[in-house]
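Take a look at the structure below.
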Amino acid sequence: MRWLFYPAGFLALTLPVPEAGAKDISPEDNAFFESRIRPALVKYCYECHSSESKKLGGKLLLDTGEDLRKGGESGAVLVAGKPDDSLLIQALRWEDNLEMPPKEQLPEPVIADFVKWVAMGAPDPRKKAEVPVAPPSITATSHWSFQPVKNPTPPETANDAWAFDPIDQFILAGIEAAGLAPAGDAPPETLVRRLYLDLTGLAPTFAQVAAFVEDHNTRGRGAVEALVDELLESPHFGERWGRHWLDVARFGESNGNDGLSRNATFPHAWRYRDYVIAAFNRDTPYVRFITEQIAGDLLPAADDAERDRNLVATGFLALGAKPAKAMNENFDMDVIDDQIAAVGSGILGISVACARCHDHKHDPIPTRDYYALAGIFQSTETLWGFAAHEKLTAPPTDLHVLKTPALIPPPPGFVETVVPTESDTGKAREIPKSTLPPGTPLAMGVRDRKEPADARINLKGESKKLGDQVPRGYLTACVMPGETVVEEKSSSGRLEFARWLTRDDHPLTARVMVNRIWLHLFGQGIVDTPDDFGVYGNDPSHPELLDYLATRFRNEEKWSMKGLIRTLVLSRTYQLDSIADESTIAKDPANQRYARHLRRRLDAEAIRDRILQASDELDPRPGEGSIIRHRDILVNKAGDLHEPSRHRSVFLCYLRNSPPPELAPFDLPDGTVVKGKREVSALPVQALFLLNSPFVVEQSRILARKLLLDSPADDQALASAAIRRVLAREPLDGETDRATSLVRDADVQLHDSHPDASLRREVAWAVYCQGLLASNEFRYID
Amino acid sequence: MNVRPMSPKISRRHLLHSTSCGFGFLALSALCQERALGAASALTDKVAKIPARAKRVIFLCMSGGPAQLDTFDYKPQTGNKKHPGSVFPFSRHGESGLWISELMPETAKQADKLCLLNGMHADTGNHAQSFHQLHTGDRLRSRPSLGAWINYGLGTANQNLPGFVSLNTAKPQSYSSAFLPSVYQGSPIGVNGEDMSQATLPNITGDHLPVRLKRRQLDLIQAMNREHQSSRLDDDALEAVIESMELGFRMQTDAPGLLDTSNEPASVLERYRVGHSVSEGTCKPSDFGRQCLLARRFAEAGVRFIEVNHGSWDQHKNHRRDLKANCESTDAPVAALLEDLEQRGLLEDTLVVWGGEFGRPGLTPEDGKDETGHNANGFTFWLAGGGVKGGHVHGSTDETGARAVEGKVHFRDLHATILHLMGLPANDLTYHYEGRNHRLTGPEGGKVVTEIFA
């Protein structure tokens, strides 16, 4: 029975269903009532319609089945089996001037539950004696994502030869149930592109495609496995998947507009970026990865390198965007709020932050839980650094001093030209002298306060209006056996919090991460609101599969992200063709059943990287540091700080409110909130970027120049070489003719503006190369 | 190496789409020929189904919940006991004698153009959800926004500009086309707090090639895209990209001039307060003057839906100070916009809409409190031009302004009314997606507020 999962507090407060009542209605009906109807009555209706109500509304009691049948001053409220004729339903639907509850209409799913319940005949186990007392969070605990993770057995399927992996059985069962058939397997030349781009964010070269196709022709799935293992070992794997995590971590290298138009740099944030990339490459188990980010400073370390790594990891908590301190009594709580939001949405997939001001209306997060968590972060000191020396923004703090990285002073002759100014006079202020030698390796992060303490509720979110003190603790909705309060009072409790988050029986942590990984490989999540597993979020399309994967992630993969990724890409489902027959598409246009692979547009980083790959300009080595590593300045006063770079996009400078111009058009997240799923828009600004941006124009020229160096005279050969280089395939029929025709036209049209024939030839070929770079085939991955 | 054969299958839907909209296969046939700029596309100016009173909308989106009781919904004290109401003085304006607060002196001069909807109400007092509902009709899910629906219904009037422009915006979902073809998505100018005085469409110009050669280059790109698409006809995103490439290309001719306000006389810049931003508490600098001026220029150029943004009006604390700053930021620019539209004869077919995701409860005078919350049960929008009555008040709230009691207008009714004014039958403008027809006004449908029609 569902209510077995209710917290102990609820059981103590509620009388169990009386025996007699339970006999009157079927167990299914009883379960439905207990999980859907009773909690809603308690939460939304009893305030006015219970014997306990201060003032009874409409002389209507809803305490028992008998009360409901009796009705109120408006007469009967129920016509069992006929929802449309029931006043209760009309009121919930806000029809005919009867609007219940009066302040805000119930969420649609709740109304739907009532409709269903009335249609069932309104089975009601409640008898007179029962006292309707329950905490408001009971709706919550019936929400799917708070239930313990199950370990479902893979379902039987009609076609028992199709699956490569049990994952495929879950998928195929859904496909079969929907009367569909899976698409064919992706041809090897499609699969190889998909694997390279998904695992490393880089496209395969023409030679790499050819080598794989040949290998695949010889040994089929053995070739896939070998390639997957090779790509997982590539340092580019971490650069790809680390960037996905940086979206979750709302990573940014500046504070972003603080509300007073000041945007202070975070010159050391890049160390966290490097930490994340390295963590993916070394395959840090996910639970360890989280623990380091939340409590790295409290972990034991075998050596200085480990100590430094753990400290840098806590940058996760420090690098959020902060509102100005000026005139803001709530600043400290704003910082904590960002931390709670990052952990809540990022790791738990639950938006906790609304509970700052009031009990969360729909998610089961009471304000007390928020302040239980806030106590942990309030007992923690956040080190964001000098925040451009502005007391009114985020006032300067210490930073972690690292022991192992080299001391890198600013280049000789470097003088900071963007200086802080007096806010009233605008006169230049002196930059405070640091006590540390210039170039000392520093990191953002957190450390425990000397005197940790529980937080007091900020009434309506106002730090000046304090309510009850709340013992430090966790979310009560996540019901797991054991403690819910931080025992260790001499520390902040962050380490215990990390241990709570990473418990094997945590209902959210594994599910949320498994879903994130799935989303990046399949183009949509099993829960397609990856940052919201709460009541507002989507339900899982394949709940059993989600639980199966979460269990497998924990038990078999031992929280290895590489392991889970490997498992997923070796599934048959992943390897399906994205091209399917018309009826499959017609029956499941959104691909909810995964009968085919979803075509995806490359993200901003991959588009830029692939352009640099095509022009053979990409510097595959990791970018070092950041262009702002020596600059504690206000971005808004500095103008455009970005500089051309040939490193991978992940190493560009992710200034908030001033994103790298080569990435900005393609739905780059703004780094202020957890972003598990990027938008994919088709905007004319993207077209303009591809047609006009200095970056694409320049790379096209470079590509043309290089091609001309290789085979200066033969136009057909040049066209073929361009296609192989950019699209990693052989030209199609007529494709090279089309190219040479364009180049000839270009040559004529450029005659007057480019009198030098060899330069003109280069520009003319650049016109063609740019065309290839701007094509959909280049940007979309099947 | 094998190259996959191109599948010739063409779905019925695609064929219809391509032939009805013209562009589909033209690009293929245009492969080897120079094409005139501004070829027909899916965005052709479709014919409205009911007589249109307005041809375009300028939505002045006041995010955060503007305090209606201290701007347009006058609630003086009644009786002996002090109660929540207006705390700033109001007076009557224009021939119509509309009550407008002293915080809006310039807008007040345009009183006879305004049609106040004082009985607005919405479902929720949560910012994000109500803001989403104001834009899309839905509180939770990703749905097309009003501007996208209008462009879907009417197409564009200017082939060289997007039909939907969103200025100074932070929320992609407010200009999203969601399940509508993404060609109806808004083009943002100035996002995420970018300095509005500099905001432009990036890469709008590029003189690395002569324009004819650029067109020739794009023809090649589009030919490749059509070939690529031919075996992937189910994928609407590919079609949308093809269309957005065309639009992007055409924008190069018109947009740069429009965005350059330096050719406006100094007196105009001053009337709009271009470059004068107030930054105080919740009131963020938005160069609202430049936004309004750009809105006028886009309207003149035939953009269907222009959203202009200012915020935040969410002054929980420092109500008086921050509300004053918000009004000061927006008052003169809005007035200049109304004045200019009228002077150019554009006001009669331009519907100007002012409002935010909800309103605020009133303060009680002299009780020392200076903070307000959210109120979705009663608040104010105003409309101007576009076939609505000027100097008119529709609807009202109770004596404390807490609840709409008369002439209640829900967001879905507002949406229905705007669509109707644009010549679109609101409840019949649907799009089939995931097995059912969707419409902006939702399952409930919206009631057109015909009482306000001029």
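Would it be correct to say that residue A:463 is farther than 21 Å from residue A:389 by Cα and of a type outside the set (Asp, Glu)? It is true that residue A:463 is farther than 21 Å from residue A:389 by Cα and of a type outside the set (Asp, Glu). Taken together, the criteria exclude residue A:614 from residues that are within 22 Å of residue B:189 (Cβ to Cβ), buried (at least 19 other Cβ atoms within 10 Å of the Cβ) and modelled with pLDDT of 95 or more.
Can residue B:242 be described as crowded, with 23+ Cβ neighbours inside 10 Å, at the interface with chain A (Cβ under 8 Å from one of its Cβ atoms), in contact with a helix residue (DSSP H, G or I) (Cβ under 8 Å, 6 or more places away or on another chain) and more than 30 Å from residue B:296 (Cα to Cα)? Judged against the criteria, residue B:242 is not a match. Take the conditions (1) over 27 Å from residue A:510 (Cβ atoms); (2) touching a residue at least 24 places away in the same chain (Cβ under 8 Å); (3) not in a helix (DSSP H, G or I); residue A:397 misses just one of them, which is (2). Anything in the stretch A:385-435 that is modelled with pLDDT under 90, surrounded by 11 or more Cβ atoms within 10 Å (Cβ to Cβ), under 30 Å from residue A:314 (Cα atoms) and among the charged types (D, E, K, R)? List them, or say none. Correct list: A:390, A:391, A:416.
If you go through the stretch A:82-126 and keep only what is within 36 Å of the chain's Cα centre (by Cα), surrounded by fewer than 21 Cβ atoms within 10 Å (Cβ to Cβ) and over 28 Å from residue B:406 (Cα atoms), you end up with A:109, A:110, A:112, A:113, A:115, A:116.
Does the stretch B:131-154 contain at least one residue that is aliphatic (A, V, I, L, M), surrounded by fewer than 22 Cβ atoms within 10 Å (Cβ to Cβ) and out of contact with any helix residue (DSSP H, G or I) (no Cβ under 8 Å at 6 or more places or on another chain)? First the steps, then the outcome.
Filtering the stretch B:131-154 for residues aliphatic (A, V, I, L, M) gives B:134, B:140, B:146, B:148, B:150, B:154.
Restricting the remaining residues to those that are surrounded by fewer than 22 Cβ atoms within 10 Å (Cβ to Cβ) gives B:140.
Filter once more, so that each one left must be out of contact with any helix residue (DSSP H, G or I) (no Cβ under 8 Å at 6 or more places or on another chain): none.
No, the stretch B:131-154 contains no residue that is aliphatic (A, V, I, L, M), surrounded by fewer than 22 Cβ atoms within 10 Å (Cβ to Cβ) and out of contact with any helix residue (DSSP H, G or I) (no Cβ under 8 Å at 6 or more places or on another chain).
Take the conditions facing chain A (nearest Cβ under 9 Å), at pLDDT 80 or above, farther than 27 Å from residue B:197 by Cα and out of contact with any strand residue (DSSP E or B) (no Cβ under 9 Å at 6 or more places or on another chain) and apply them to residue B:133. Does it pass?
Values: facing chain A (nearest Cβ under 9 Å): no; at pLDDT 80 or above: yes; farther than 27 Å from residue B:197 by Cα: yes; out of contact with any strand residue (DSSP E or B) (no Cβ under 9 Å at 6 or more places or on another chain): yes.
No.
With respect to (1) farther than 30 Å from residue B:51 by Cα; (2) surrounded by 20 or more Cβ atoms within 10 Å (Cβ to Cβ), the lone exception for residue B:402 is condition (2). A search for C-beta distances below 8 Å between a residue of the stretch A:14-37 that is surrounded by fewer than 14 Cβ atoms within 10 Å (Cβ to Cβ) and any residue that is modelled with pLDDT under 70, counting only pairs 6+ apart in sequence or on different chains, returns A:15/A:129; A:15/A:130; A:15/A:131; A:27/A:1.
When the stretch B:112-130 is filtered for residues that are buried (at least 23 other Cβ atoms within 10 Å of the Cβ) and of a type in the set (A, V, I, L, M, F, W, C), the ones remaining, listed by number, are B:114, B:115, B:116, B:117, B:120, B:122.
Can you pull out the helices (runs of 4 or more DSSP H) entirely within the stretch A:687-769 that have at least 3 residues that are within 8 Å of chain B (Cβ to nearest Cβ) and not hydrophobic (A, V, I, L, M, F, W, C)?
Values: elements: A:694-710, A:715-727, A:735-749.
Here the list reads A:735-749.
Filter the stretch A:674-686 for residues that are surrounded by fewer than 19 Cβ atoms within 10 Å (Cβ to Cβ) and out of contact with any strand residue (DSSP E or B) (no Cβ under 9 Å at 6 or more places or on another chain); which is nearest to the other protein chains (Cβ to nearest Cβ)?
A:679
Here is a yes/no grid of residues against (1) farther than 19 Å from residue B:138 by Cα; (2) away from chain A (no Cβ under 14 Å); (3) under 22 Å from the mean Cα position of the chain (by Cα):
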| residue | (1), (2), (3) |
| --- | --- |
| B:384 | yes, yes, yes |
| B:387 | yes, yes, yes |
| B:391 | yes, yes, no |
| B:402 | yes, no, no |
| B:416 | no, yes, yes |
| B:423 | yes, yes, yes |
| B:429 | no, yes, yes |
| B:433 | no, no, no |
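Where helices (runs of 4 or more DSSP H) fall entirely within the stretch B:201-304, those with at least 1 residues that are closer than 21 Å to residue B:155 by Cβ are at B:211-230, B:236-259, B:288-301.
How about the stretch B:70-108: which of its residues are assigned to a strand (DSSP E or B) and either at pLDDT below 95 or not β-branched (Val, Ile, Thr) (or both)?
B:85, B:90, B:91, B:92, B:93, B:98, B:99, B:101
Only residues that are in contact with a Lys or Arg (Cβ under 8 Å, 6 or more places away or on another chain) and under 16 Å from residue B:221 (Cα atoms) were counted in the stretch A:720-730, giving 1.
With the condition kept exactly as written, say whether any residue in the stretch A:348-365 is modelled with pLDDT of 85 or more and either assigned to a helix (DSSP H, G or I) or within 14 Å of another protein chain (Cβ to nearest Cβ) (or both). Let's see the steps before the verdict.
To start, the set of residues in the stretch A:348-365 that are modelled with pLDDT of 85 or more comprises A:348-350.
In the following step, the residues that additionally are either assigned to a helix (DSSP H, G or I) or within 14 Å of another protein chain (Cβ to nearest Cβ) (or both) were identified as A:348.
Within the stretch A:348-365 (the criterion being modelled with pLDDT of 85 or more and either assigned to a helix (DSSP H, G or I) or within 14 Å of another protein chain (Cβ to nearest Cβ) (or both)), the answer is yes, since at least one residue qualifies.
Set side by side, the residues A:405, A:481, A:409 differ, and just one is out of contact with any His (no Cβ under 6 Å at 6 or more places or on another chain) and more than 30 Å from residue A:629 (Cβ to Cβ), which is A:481. Regarding residue A:461, is this residue touching a Cys at 6+ places or on another chain (Cβ under 8 Å), of a type outside the set (Val, Ile, Thr) and closer than 26 Å to residue A:532 by Cα? Yes. When residue A:608 is tested against (1) facing chain B (nearest Cβ under 10 Å); (2) crowded, with 23+ Cβ neighbours inside 10 Å; (3) not in a loop (DSSP other than H, G, I, E, B), exactly one condition is not met: (1).
This table checks each residue for (1) under 20 Å from residue A:257 (Cβ atoms); (2) out of contact with any His (no Cβ under 8 Å at 6 or more places or on another chain); (3) at the interface with chain A (Cβ under 7 Å from one of its Cβ atoms); (4) modelled with pLDDT of 85 or more.
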residue: B:172; (1), (2), (3), (4): yes, yes, yes, no
residue: B:176; (1), (2), (3), (4): no, yes, no, no
residue: B:181; (1), (2), (3), (4): no, yes, no, no
residue: B:186; (1), (2), (3), (4): no, yes, no, yes
residue: B:192; (1), (2), (3), (4): yes, yes, yes, no
residue: B:196; (1), (2), (3), (4): yes, yes, no, no
residue: B:201; (1), (2), (3), (4): no, yes, yes, no
residue: B:207; (1), (2), (3), (4): no, yes, no, yes
residue: B:232; (1), (2), (3), (4): no, yes, yes, yes
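The values are calculated or read from the model by the stated rules, or taken from the named source; none is laboratory data. What you are looking at is a predicted structure, and each value in this text was computed from that prediction instead of being measured. All Cβ positions, glycine included, derive from the backbone under ideal geometry; neighbour counts span all protein chains shown.
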